[in-house]
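Here is the structure we will look at.
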Amino acid sequence: MRKLYLIYARNVGRVKIGLSDDPVKRLKQLQTGSPVQLELFAFRNYQKAKVKEVELHERFQHRRVGGEWFELNPKDYVDLLKEWDFDPGIHFTKRTIEIIDAGDTAFISFDSKSLCRVEVLEYGRAKNSASVKILEKIGRGVGKIGDSYVFFADEVRKDPIDALVNRVTM
């Protein structure tokens, strides 16, 4: 059965929506010719995978940047994860403390199916903590706009995809 996949191009914020019998092998093939780090973000088996791929390409036509590559917004990723009922899991090996300062805008995810855009109130690399205030909810999520929380510093991410795969561990 063919799998529909999303391969994410790190640092350029683009995603490839494609088909493969083996998405991991396809990732390796694409990585060979790519100047940026690629990651297999999500995949799903479909009986009629080609039909679903065409549907997604048409749905995101206004975000196409070339071929099967798209610049999706955070809500698009959240919607796709919900539709696919896909959990990218917690990737502890990808957890790093980013250079984020008070006043910056960043993202957190409580469940890998929703995001919160947050304002960073305090960010302590040495203490490994970040105080944030929710500015926008994308998906159902936890909390309300205006709520403040303190998280581990590596749970507050500049990139919404990183937030989805490095969700808050409460």
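The values are calculated or read from the model by the stated rules, or taken from the named source; none is laboratory data. Quick caveat: nothing in here was measured; it's all calculated off a predicted structure. Here the Cβ is made from the backbone with ideal geometry for all residues, glycine too, and neighbour counts use every protein chain on show. SASA here: full protein model, heavy atoms, side chains in, ligands and nucleic acids out. Shrake-Rupley method; radii C 1.70, N 1.55, O 1.52, S 1.80 Å.
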Using a 1.4 angstrom probe on the protein heavy atoms only, line up H62, H57 by accessible area, largest first. H62, H57
Descending principal axes extents, the chain, alpha-carbon based, whole Å: 46, 32, 27
Set K25/K50; K25/K82; K16/K50; K113/K158 screened for pairs whose C-alpha atoms are more than 21 Å apart: K25/K82
Helix 23-32 sits off the longest principal axis of the Cα atoms of the chain, rounded to the nearest 10 on a 0 to 90 degree scale, by 80 degrees
Report the FRET efficiency, 1/(1 + (r/R0)^6), for D101 and R10, where r is their Cβ-Cβ distance and R0 is 25 Å, rounded to 0.05. 0.70
Can you send over the solvent-accessible area of V65, 1.4 Å probe, protein chains only, in Å² to the nearest 10? 70 Å²
Sort I99, I7 by heavy-atom solvent-accessible area, probe 1.4 angstrom, most to least. I99, I7
Mean separation of Cα contacts under 8 Å (at least 6 apart) over the residue count of the chain, i.e. the relative contact order in percent, is 18 percent
Where the accessible area of the chain is counted over protein heavy atoms with a 1.4 Å probe, how much of it, in %, is carbon and sulfur? 51 percent
Where labels lie 7 Å past Cα in the beta-carbon direction, separation of R140 and K50 in nm: 3.6 nm
Given a 1.4 Å probe and the protein chains all in place, what does the accessible area of Y8 round to, in Å² to the nearest 10? 10 Å²
Where q = 0.19, 0.23, 0.28 Å⁻¹, what log10 of I(q)/I(0) comes from the Debye formula for region 116-169, counting one point per Cα? -0.60, -0.89, -1.27
If Rh is defined by the Kirkwood formula over all Cα pairs and Rg also comes from Cα, what ratio Rg/Rh do you get for region 1-101? 0.96
Check which residues have an amide H placed less than 5 Å from E136's amide H, if you skip close sequence neighbours. R117
Leaving out ligands and nucleic acids, note down the accessible area per residue over the chain with a 1.4 angstrom probe, in whole Å². 51 Å²
